[in-house]
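Below is one structure; the comments refer to it alone.
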Number of protein chains: 2
Amino acid sequence: MSEPLDTIIIGAGTAGLAALREVRKRTSRFLIVNDGPWGTTCARVGCMPSKTLIEAANAFHRRHAFEEFGIRGGDALSADIPAVLQRVRALRDDFVAGVMKATDNLGHASISGRATLLGPGTVDIDGKVYQANSIVIATGSRPKVPEEWLAFGDRMLTTDTLFEQASLGPRIAVVGMGAIGVELSQALARLGLQVAAFSTGDTLAGLSDPGLNEELAALLKKDMVLHTGEPAELREVAGGIEVSSGPNRVVVDQVIAAMGRTPNIEHLGLETLGVPLDKRGLPQVDPKTLQVGNLRVFMPGDANTQVPLLHEAADEGHIAGMNAMADTPTRFQRRTPLAIVFCDPNIATVGQRLDDLDPACTVTGTVGFADQGRARAALYNHGRLLVHADKTTGRLLGAELCAPDGEHLAHLLALAIHRELTVQCLLGMPFYHPTLEEGLRTALRDVARQLPDGSASDLATCAGLGVPALD
Amino acid sequence: MSEPLDTIIIGAGTAGLAALREVRKRTSRFLIVNDGPWGTTCARVGCMPSKTLIEAANAFHRRHAFEEFGIRGGDALSADIPAVLQRVRALRDDFVAGVMKATDNLGHASISGRATLLGPGTVDIDGKVYQANSIVIATGSRPKVPEEWLAFGDRMLTTDTLFEQASLGPRIAVVGMGAIGVELSQALARLGLQVAAFSTGDTLAGLSDPGLNEELAALLKKDMVLHTGEPAELREVAGGIEVSSGPNRVVVDQVIAAMGRTPNIEHLGLETLGVPLDKRGLPQVDPKTLQVGNLRVFMPGDANTQVPLLHEAADEGHIAGMNAMADTPTRFQRRTPLAIVFCDPNIATVGQRLDDLDPACTVTGTVGFADQGRARAALYNHGRLLVHADKTTGRLLGAELCAPDGEHLAHLLALAIHRELTVQCLLGMPFYHPTLEEGLRTALRDVARQLPDGSASDLATCAGLGVPALD
């Protein structure tokens, strides 16, 4: 056997490709191996097709505002579900093609096949054994589906199969109301399908504030049937699949399981690494280095289950790729937490969550968008935003929102929290009129009033006029 | 005559009301006098009615994306112009009522009438003379219309009269393509009116980058006829008003003059203040104190013509109100410049403008949105964004954009510029996927590559994968 390779990357998803990018800058003695279809979860079955579906759904849903705007004929609009899905696939194919360029021209360095670890520096790929100085495990995740539900065959959908359907419904159940369940159930309902959604817990889309969660539940119920608080059970009945949850029963044509994702680690041979594995079979992975124990093995992305979000997977792959090629792993500062759910209004959590904060040291400011000037003009006047700050210093600690254009407000808050700004300092920036950012300002002023120097009058805390057209 | 008042505020617009708020905290010995209708320019004839019109127009315009999304029946939609205008007025009335609450219950302290200065501490209000220790002049502005065009009577519209119309067009000319002209011409064109727009110069909406200006012109021409580079001339012809500009001629039913605004200073008696007046009749006003010369006279808002934007007028009124009640005026730091035009894609300029920057010390990064992932999914993939940074330090200096959801990107950039952040530092924040903020990140990375440490590889400058679905 020849000299060991510098590194082997297992998995060509977002994390694997980010690692590949760093590895290629440093060596040509590497392999990247991928099992199943190439193209990332994001581009193939995740972020991109779901957002494409959501954009169509929200464009169609907007017709409900038409009469109030003075636009006639909205009743004649219809969503052509097969055409909507066809566009999702067309654009998806284009995004996948873009992603796959990252592994073009790799020649023998790129292998389709299943990798199994034989130890910290040895990998079996479909029967052939390779040695490498380091290994990057970036095998990603897949949707969870209870074993017994597989009996429903092609009527049991996940994000892996949903976008492949020629048509859908008309009766759909969505089981699980985390980020993906909330996004898909609302999008499909807004496209005119009859959607019933089920959540075992009462918390939707990962929200931590109970009031915000209640507000979201009420908004979702405008588009769909929503049952929370009991596990969903499925059984075959005449005419479809019956989904029951406590006393509630609904019969549907298809069920979407949106019950979270499970890491792709079976058959990977993690037990050969000689490090402790938890009950799910996962080793401990340092979030700052992505290193497994003290091994020259790195595990970025969904596979480590830590923060299964695209931008975090890309960061983790980037770190893993650099560390896989370094003599000593470098510890990297991770970014300010940011999670966005692309339902309408958008949901976002930024920085520390309510549960992480000590109520005795925290003040919270809020704004509702029902009466916010710009939101009213645009007929997007729903939702609420909360900002949490340190009671003594006014430093912004976290925010949670279910608000129109919330994805953008969340980025502004993420920058402020990333820079450790105080509420007073953030109030020093310009807020243009009339914008939804003025709503955020109202919440910041609400915090400022509760701080020790709350009455300080300077330009930065220039108080509003207290009237919706100007605030 | 009794003891002098503490202050007299002339004008109850945004600047006057912001001043009033500060004055009322400090004294009850004041007067606020307003000539003409109460309610601010913003609420009555400016920001709010225009944004309400724009939201209806963009909702209607979205139908052009319907077929591609898979939504059928868009051809049957129609804009009911009288109903659109009716909603604009209804919401406008509500915003005006909100604003007018600020002067409720003032009793004799609030006067409808025309104020004329008789000197730095003396004001005549409809024949009655008042003395005051200080005066706040916040008389605002009104649309400019060439004297001879008034002959066209009620077919010559401005923002003062546009929203009062029962209906419009169907043939409309918009003369002047600054912020207001661009917003209104596009909104009316998107509502189905035949719009011809004219600009004496080639610069639209105050853009300073020629490439961006060209891109905007091309986008606007999808909705309307646009002639630039020659002054517009009007004459009465059979069937309407003929607007000509160089070799171009169009006959319309109504003309909207959007040629800028002129301060309301005639008959105000500024000449009695004993300070030099410029050729427009305006005294010098210190932007940090709003003080006129060394007098106890303060002049905030549109009347001073410095930065005729609502958030600046509110700041100026706030400063003027405090300084009118102080022994010595305080100098206030003004906010980072931010201007937004609510056309689609939004236009914004943030921080220093291209003309203010020394090309030898500046690097510029750019991103186009035609191929940006989220913009494509949403069918909003138009426009471009530019960021300027110091060549040596990487500090963000300014940005200019014509981009989807640009109003939000502009706020993020405004915070970064306000905090004097470097491009590298801004790249350290999280950019969620898939968002338009990732487009901004592409432009930031474009700057970073041109900086001395452009090849630095750390999490903050974690390079993209170079594929649209992930960038």
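Taking every alpha-carbon pair in region B:147-261 and binning the separations at 5 Å intervals from zero gives 2, 12, 24, 27, 20, 10, 4, 1, 0 percent.
Interface between chains B and A: roughly 8400 Å² of accessible area buried, both sides summed (probe 1.4 Å, protein heavy atoms only). Applied to region A:317-330, the Karplus parametrisation 6.51 cos²θ - 1.76 cosθ + 1.60 on θ = phi - 60° returns per-residue 3J(HN,Hα) values of x, 4, 5, 4, x, 5, 6, 5, 9, 9, 5, 10, x, 8 Hz, with x for Gly and Pro. Applying a threshold of 22 Å to the alpha-carbon distances of A:Lys144/A:Lys279; A:Lys128/A:Lys279; A:Lys128/A:Lys288 flags A:Lys128/A:Lys279; A:Lys128/A:Lys288 as lying beyond it. Averaged over the residues of B:75-81, the number of partner chain Cβ atoms lying within 10 Å of the residue Cβ comes to 5.
In this Cβ point-charge picture (+1 for Lys and Arg, -1 for Asp and Glu), the protein assembly as shown has a dipole of about 320 debye about its Cα centre. Summarising the amide proton neighbourhood of A:Leu397: residues at separation of 5 or more, or on other chains, whose placed amide H is nearer than 5 Å comprise A:His388, A:Ala389, A:Asp390. Between the C-alpha center of region A:43-94 and that of region A:208-235 there is a gap of 23 Å. Within the shell of other residues whose beta carbon sits under 12 angstrom from the beta carbon of A:Gly351, the net charge comes to 0, with Lys and Arg scored +1 and Asp and Glu -1. Mean per-residue shielding of peptide B:313-320 is 3, counting Cβ atoms of other chains within 10 Å of each Cβ. The 1.4 Å probe gives accessible areas that order A:Glu236, B:Glu316, largest first, as A:Glu236, B:Glu316. Under the rule a/c < 1.5 gives rounded, and otherwise a/b versus b/c splits prolate from oblate, where does region A:118-162 land using the Cα gyration tensor? Prolate. For a test of the definition: using alpha carbon positions, the gyration tensor, and the 1.5 limit on a/c, classify chain B as rounded, prolate or oblate. Here chain B falls in the oblate category.
Considering only alpha-carbon pairs that sit under 8 angstrom and 6 or more positions apart, the relative contact order computed for chain B is 15 percent. The peptide list B:270-282, B:336-348, B:298-310, put in order of mean Cβ contacts within 10 Å with the highest first, becomes B:298-310, B:336-348, B:270-282. For A:Asp104, the label point sits 7 Å beyond Cα toward Cβ; its separations from the matching points on the remaining copies run 6.6 nm, from shortest to longest. 3J(HN,Hα) couplings calculated from phi for region B:74-87 with the Karplus curve 6.51 cos²θ - 1.76 cosθ + 1.60 (θ = phi - 60°) are, in sequence order, x, 5, 7, 6, 9, 9, 8, 4, x, 5, 4, 5, 4, 5 Hz; Gly and Pro show x. Taken residue by residue and averaged, Cβ atoms of other chains lying within 10 Å of the Cβ of B:60-70 number 6.
Copy B relates to copy A by a rotation, and the B residue whose beta-carbon is nearest that axis, with the distance in whole angstrom, is B:His408, 2.
Modelled this way, with points 7 Å down the Cα-to-C-beta line, the labels at B:Leu150 and A:Asp94 are 5.4 nm from one another.
Distances between placed amide hydrogens fall under 5 Å for B:Val297 paired with B:Ile135, B:Val292, all partners being 5 or more residues away or on another chain. Both radii were evaluated on the Cα set of region B:276-385; the Rg over Rh quotient, with Rh as the Kirkwood radius, amounts to 1.14.
Its DSSP H runs of at least 4 residues, each contributing -39,500 (n - 2.57), put the calculated 222 nm mean residue ellipticity of chain B at -8500 deg cm²/dmol, to the nearest 500. In this structure the amide hydrogen of B:Asp405, modeled in the peptide plane, comes within under 5 Å of the amide hydrogens of B:Asn346, none closer than 5 places in sequence on its chain. The order of the peptides B:370-377, B:7-14, A:115-122 by mean Cβ neighbours within 10 Å, most packed first, is B:7-14, B:370-377, A:115-122. Note that the protein assembly as shown carries a Kirkwood radius of 30.1 Å, evaluated over its alpha carbons pair by pair. Put simply, when B:421-429, A:431-439 are sorted by average Cβ atoms within 10 angstrom per residue, most first, you get A:431-439, B:421-429. Taking θ as phi - 60° and the Karplus parameters 6.51, -1.76 and 1.60, the scalar couplings of region A:422-427 work out to 8, 4, 4, 5, 5, 5 Hz in sequence order, x denoting glycine and proline.
Inter-copy label distances at A:His267, shortest first and taken from points set 7 Å along Cα to Cβ: 8.7 nm.
In terms of its C-alpha gyration tensor, region B:1-107 has a prolate overall shape, because the principal axis ratio a/c (a ≥ b ≥ c, square roots of the eigenvalues) is not below 1.5 and a/b outweighs b/c.
The distance from the alpha carbon centre of region A:403-422 to that of region A:140-155 is 37 Å, rounded to a whole number. Counting from the shortest, the label point at A:Lys288, 7 Å from Cα toward Cβ, is 4.4 nm from the same position in each remaining copy.
The values are calculated or read from the model by the stated rules, or taken from the named source; none is laboratory data. The model shown is predicted, which means the values in this text are computed figures rather than measured ones. With ideal geometry, Cβ positions are generated from the backbone for all residues, glycine too; neighbour counts draw on all protein chains shown. All accessible areas refer to the heavy atoms of the entire protein, side chains included, with ligands and DNA or RNA removed. Shrake-Rupley method; radii C 1.70, N 1.55, O 1.52, S 1.80 Å.
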